[in-house]
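Below: the structure, in structure tokens.
Since every read-out is calculated from the coordinates, none of them should be taken as a lab result. Just so we're clear, the structure is a prediction, and the values are computed from it rather than from any experiment. Glycine gets a Cβ as well: all are built from the backbone with ideal geometry, and neighbour counts include every protein chain shown.
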Amino acid sequence: MGVRWGERIEAEIRQADVFIAFLSADSIYSEMVVAEISTAYQLTKSQGGRPVILPIRLAYRAPFPYPLSAYLDAINWAFWQTPEDTPCLITELMHAVSGAALPIATSQAKSGLLQSSATLSLPPPSASAFLEMPEGTMDPQSTFYIERPSDHTALAAIERQGMTISIKAPRQMGKSSLLMRIVDAATRQGKRVALLDFQLFEKAALTDANTFFRQFCSWLTLEVDVEDRLDDYWQAP
């Protein structure tokens with residue numbers, strides 16, 4: 001009692017060497033989980049790689065929603081499906097805590113894990129299965145999403161070329177959910193989508209144009225899955 005839990009959690013993450021994130025189909029929509037991973041990510045950049053983030057997928061094979069995708073897609077994962085996997089997972093975590101890497105490392109391995117989701121044998125849905133957590137970014141196809149007039153303006157604009165869309169609103173007003181609907185619409189139109197969150201850039205990059213644009217180009221290359229040839233073409237001023 002009397003503990004300011006937000007401050008206490010941030011203090012513990014700040015002094016940790018390792019941050020283990022257990023990610024299930026429910027936990028990924030928790031604002032607290034996203035905030036803790038965001039804190040760990042920012043600290044990793046400012047504290048020379050500490051804490052090391054170890055994402056553990058708990059029977060969860062879908063792509064991470066934004067912003068978790070920006071934090072976690074580029075680093076290694078581990079996967080747990082049933083209690084029989086627990087001893088193996090513990091061994092993998094012990095090795096990772098000692099300095100090794102989690103096993104799911106390559107783009108091919110990650111894609112294989114995600115692509116196999118369609119073959120999973122799922123139990124019949126329960127009576128509450130169609131309800132959603134009342135927080136976090138909503139699925140683009142969610143029946144609970146409430147459309148606003150500005151949504152149609154944004155979705156119509158994304159169909160055109162050379163358009164810039166700015167979404168402005170206070171916190172918890174659905175900006176990220178609308179962004180995901182725009183991304184979904186662009187993808188269905190055959191457009192290539194790259195999600196870049198400028199909040200994830202290091203502070204030093206935001207004060208030096210050369211550093212910023214190099215990181216921007218490398219990140220964009222990663223997002224659109226093309227060969228990184230930045231060093232072949234980059235000419236520093």
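Can you say whether LEU102 is in a loop (DSSP other than H, G, I, E, B), without any contact (Cβ under 8 Å) to a residue 60 or more places away in the chain, buried (at least 17 other Cβ atoms within 10 Å of the Cβ) and touching a Pro at 6+ places or on another chain (Cβ under 8 Å), as far as the supplied structure shows?
Judged against the criteria, LEU102 is a match.
Does SER24 fit the bill of being more than 30 Å from PHE216 (Cα to Cα), surrounded by fewer than 18 Cβ atoms within 10 Å (Cβ to Cβ) and under 19 Å from the mean Cα position of the chain (by Cα)?
yes
Quick check: is even one residue across region 163-180 part of a loop (DSSP other than H, G, I, E, B), loosely packed, with under 13 Cβ neighbours inside 10 Å, within 22 Å of the chain's Cα centre (by Cα) and hydroxyl-bearing (Ser, Thr, Tyr)?
Yes; the residues of region 163-180 include at least one that is part of a loop (DSSP other than H, G, I, E, B), loosely packed, with under 13 Cβ neighbours inside 10 Å, within 22 Å of the chain's Cα centre (by Cα) and hydroxyl-bearing (Ser, Thr, Tyr).
Looking only at residues in region 181-192 that are surrounded by 12 or more Cβ atoms within 10 Å (Cβ to Cβ) and of a type outside the set (D, E, K, R), which one is nearest to TYR41 (Cα to Cα)?
Once the filter is applied, the top-ranked residue is VAL183.
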